[in-house]
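Inspection log for the structure reproduced underneath, given as structure tokens.
We did not get these values from a lab; they are worked out from the coordinates using the rules stated. As the structure is a computational prediction, the values presented were derived from the model and not from experiment.
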Amino acid sequence: TMNVEHEVSLLVEEIRRLGTRNADGQVSVKFGVLFADEKCANLFEALVGTLKAAKRRKIITYQGELLLQGVHDDVDIMLLQD
């Protein structure tokens, strides 16, 4: 298994690639966009686990605890560090 730090840093890169910058200059991406992306699907064994790890480290934030495909496709995942 890849180490978590490495996965989290890859996640940040993917959020930057797929996301958009809001008025405050923060980058965010919808969970559904991240989940449906082919490159992300190949990169991350467990995307949701990586998201939780990044959230615990205060690198990203999103509403709720667990994100589920379909149900939470419109949830914004916000990058806290740039």
* Report the Stokes-Einstein translational diffusion coefficient (µm² s⁻¹, integer) for the chain, Rh taken as the Kirkwood radius over Cα pairs, at 10 °C with viscosity 1.306 mPa s. => 127
* **Length-normalised contact order for segment 4-76 - Cα pairs under 8 Å, 6+ apart - percent** => 34
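Stretch residue 48-residue 20 to full length: gain in nm at 0.36 nm per residue minus the Cα-Cα span?
8.1 nm
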